[in-house]
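J.: This is the structure I want to talk about, given as structure tokens.
Readers should treat all values here as calculations from the given coordinates under stated rules, not as data from a laboratory. Just so it is clear, the model here is predicted, and its values are computed rather than measured. So basically every Cβ, Gly included, is an ideal-geometry build from the backbone, and we count neighbours across all protein chains shown.
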Amino acid sequence: MAPQTEIAALWEAFFQTVTAWTGLRPDREQQARFRLLLEEVLRWNQRMHLTGHRTPEDVLVYHFLDSLSLLAVLPPPQGVRLADVGTGPGFPGLPLKILRPDLRLTLFEASTKMARFLDHVLERLALPDVTLVVERVERAARQPEHRERYDWAVARGVAPLPTLVEYLLPLVRPGGRAVAYKGRRAQEEAQAAQYAVQVLGGEIERVLPVTVPQLPAARALVVLRKVQPTPARYPRKPGIPAKRPLAPGRKP
């Protein structure tokens, strides 16, 4: 097979997989945006380490398809305000936004290196209703424009769950959801985070195993429901949630 033929076959298989798995068939504009996002990730990866996955096949599976697993729990299109915390080069937020244009997406990323890429790729993709916040989320979550303003907040591979919930729940309005993408230890992490979740105004709604096509590793979504406002003292100063995760008997 010629390289162009191989690429065309790769994309056709990807779009067929997305359609069969999610029930959503990307239209021409969405297909073009998926292609552009992949091209930019691969191109920038040659001079800047965005991800350890460097082949088109790996990026499509480990980043694009894995990101889309949130659709297993996300409500039908209704303009959900979604915060993607620690998005890195735009995962899971950008693949979700491409396939679900109704989402009102805010990307939180503290790394200036990643922010340079995101600035560039957002300009190329020309997606409406996407905001980039280059800020530690511990600071951003104390700002009125972000605190408890989101319907959903998600994070993928950012931190252990007892730490992660202190990043996510302060962003979510009461009645909203926070979701952590996790692996085979999802249930164990959920149990370890129960105290932190309760302190921050949430409850563990469910731990949902998901099967991502072509991805051999076990995956699960830990879904938290925000049941009451987060106390004003949280999140703590940058770095503290990672150093001292909330736990019974531990000084906050």
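J.: Only helical DSSP H runs with n ≥ 4 go in: add -39500 (n - 2.57) per run for the chain, normalise by residue count and round the 222 nm mean residue ellipticity to 500 deg cm²/dmol.
T.: My calculation for the chain gives -10500 deg cm²/dmol from helical runs alone.
J.: What ranking do 101-114, 235-248 get when scored by the average of other Cβ atoms within 10 Å per residue, highest first?
T.: Answer by packing, highest mean first, reads 101-114, 235-248.
J.: While we're looking at this one, here's another question. Please turn the phi angles of region 48-63 into ³J(HN,Hα) values with the Karplus equation 6.51 cos²θ - 1.76 cosθ + 1.60 (θ = phi - 60°), one per residue in order, whole Hz, x for glycine and proline.
T.: Computed from phi, the couplings for region 48-63 are 9, 6, 8, 7, x, 8, 10, 9, x, 4, 5, 5, 4, 7, 6, 10 Hz.
J.: Moving to a separate point now. Using 0.36 nm times the number of residues separating ALA32 and ASP102, minus their current alpha carbon distance, what extension gain do you get?
T.: Computed gain between ALA32 and ASP102 is 23.4 nm.
J.: Using Cα centres only, tell me the gap between region 5-37 and region 69-88 in whole Å.
T.: 19
J.: Related question: Where both partners of a DSSP beta bridge lie in the chain, what percent of those bridges are antiparallel, to the nearest 5?
T.: Around 40 percent of the beta bridges assigned by DSSP in the chain are antiparallel ones.
J.: Additional query: Once you have the Cα-Cα distance between GLU39 and ALA8, take 0.36 nm times their residue separation minus that, and quote the gain in nm to one decimal.
T.: 9.8 nm
J.: A further question on this structure: What is the dipole size for region 36-106, taken about its Cα centre, with +1 at each Lys and Arg Cβ and -1 at each Asp and Glu Cβ, in debye to the nearest 20?
T.: In debye, rounded to 20, region 36-106 gives about 220.
J.: How big is region 1-122 along each principal axis, measuring the range of its Cα positions in Å and listing the largest first?
T.: Result, largest extent first: 43, 35, 21 Å.
J.: What do you get for the angle between helix 28-45 and the principal long axis of the chain? Use alpha-carbon atoms, 0 to 90 degrees, nearest ten.
T.: Around 80 degrees separate the two axes.
J.: Taking a label point 7 Å from the Cα of ALA242 along the Cα→Cβ vector, which residues of region 88-105 have an amide N closer than 15 Å to it?
T.: 88
J.: For region 3-243, calculate the relative contact order in percent as a whole number, restricting contacts to Cα pairs under 8 Å that are 6 or more residues apart.
T.: Once normalised by length, the contact order is 16 percent.
J.: Could you check the simple spin-label distance between ALA72 and LEU24, using points 7 Å along Cα→Cβ, in nm with one decimal?
T.: It is 1.6 nm.
J.: Run the count for the chain, please: Lys pairs, Cα-Cα under 27 angstrom, 8 or more apart or on different chains.
T.: Counting lysine pairs in the chain gives 15.
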